[in-house]
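Below is one structure, written out as structure tokens; comments come after it.
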Amino acid sequence: MRTLYPEIEPDEIGFLPVSDGQELYWETSGNPAGKPVVFLHGGPGGGTSAAHRRLFDPAKYRIVLFDQRGCGLSLPHVSESADHLAANTTWHLVRDIEKLREHLNVERWQVFGGSWGSALALAYAETHPERVTELVLRGIFTLRKRELDWFYEGGARLIVPELWQTFLEPVAHAEGRHLIRAYHELLSNPDPSIHGPAAVAWATWEASTITLQPRADLIAKFSDPTYALAFARIENHYFVNEGWFDEGQLIAHAGLLREIPGAIVQGRYDLCTPAITAYDLHEAWPEASFTVIQDAGHSFDEPGILDALIEATDRFADL
């Protein structure tokens, strides 16, 4: 099975001023004359990592990573202030991607996105199809109501009831209410004794459920208070606003992708973003390859998912 390419360091890094006082951290690695690819991280609010560079053959790709507004190394960080959240929407991010493309003098590029990154990749590609050479998507998420309800309003508790009880603890008073909105109130509260535990509970719920087998290292990363606060605030902000999409928009507009080669990779036992969304996308965009990994959950680095993703990036490297 394919595994990550060897570790590499960025050859260029920078901070790109975009709008509303925001600066995006970006980096490039691999072959400066290679095929451009931009990696769109999950969350929203998750940030990039060194491992993400290693999904692409560094001899063939010019690998572009950036941290979306408010998270990772981008400035200002939402853990320090939530004041900039109003200027952090899907369509701000789509414009940011275009600004970064122009800044790096890229004409067209491959777009790679998993989880929330798949939604952002679809939004970008459906807005700017002429700028996309290929799409590689994993753990498909489009922010439809039934997707959000499944994971945050009680559907997934049928599979992991003990983890669901921990997720409920900060909002125990909110029984019968919309839980995403109840968490929004807590995460927006300026009191650290209120927003802090809520952020850790929100982020830990996700970390505990995104792999087929629990991973202590992932849970520890997500439960770090600084990481958790940016992650939970941004993610909840997007979800309470349904991504600023019309219901079903990304799949309804998939016809715009017909001329773009694509790969859809989905874990069979993905608790976070169940396989029905990937299937629905493939039905709307049958030109894309569709690979279901039978022994995997949601995370990009589970062995079968990783193998399929690198197979796709290798296959597209010479197109």
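Structural remarks
- Of the residues making up segment 276-319, just one is among the aliphatic types (A, V, I, L, M), surrounded by fewer than 17 Cβ atoms within 10 Å (Cβ to Cβ) and closer than 16 Å to THR133 by Cβ, namely LEU319.
- Residues that are touching a strand residue (DSSP E or B) at 6+ places or on another chain (Cβ under 7 Å) and part of a loop (DSSP other than H, G, I, E, B) within segment 10-21 comprise PRO10, ASP11, VAL18, listed in sequence order.
- Residues satisfying the criterion are present in segment 112-134 (criterion: charged (D, E, K, R) and buried (at least 23 other Cβ atoms within 10 Å of the Cβ)).
- Residue in segment 215-227 that is among the hydrophobic types (A, V, I, L, M, F, W, C), surrounded by fewer than 22 Cβ atoms within 10 Å (Cβ to Cβ) and touching a residue at least 24 places away in the same chain (Cβ under 8 Å) present: yes
- Among the candidates VAL78, VAL38, VAL64, residue that is in contact (Cβ under 8 Å) with a residue 60 or more places away in the chain and in a strand (DSSP E or B): VAL38
- Number of positions in segment 49-64 that are buried (at least 24 other Cβ atoms within 10 Å of the Cβ) and either among the acidic types (Asp, Glu) or in contact with a His (Cβ under 6 Å, 6 or more places away or on another chain) (or both): 0
- Here ASP318 meets each of (1) at pLDDT below 95; (2) closer than 23 Å to TYR152 by Cβ with one exception, condition (2).
- Some residue of segment 204-211 being in contact with an Asp or Glu (Cβ under 7 Å, 6 or more places away or on another chain) and either under 19 Å from GLU169 (Cα atoms) or not in a helix (DSSP H, G or I) (or both): yes
- Candidate set: segment 11-26, residues that are surrounded by fewer than 20 Cβ atoms within 10 Å (Cβ to Cβ) and touching a Phe, Trp or Tyr at 6+ places or on another chain (Cβ under 9 Å); chosen: the one nearest to PHE112 (Cα to Cα): TYR25
- Of the residues GLU27, GLU12, GLU98, the single one that is touching a residue at least 24 places away in the same chain (Cβ under 8 Å) and more than 21 Å from PRO129 (Cβ to Cβ) is GLU27.
- The residues of segment 27-64 that are among the charged types (D, E, K, R) and more than 13 Å from GLU9 (Cα to Cα), listed by number, are LYS35, ASP57, LYS60.
The values are calculated or read from the model by the stated rules, or taken from the named source; none is laboratory data. From a predicted model like this one, the values you see are computed outputs, not experimental measurements. Cβ coordinates were reconstructed from backbone atoms using ideal geometry, including for glycine residues, and neighbour counts include every protein chain displayed.
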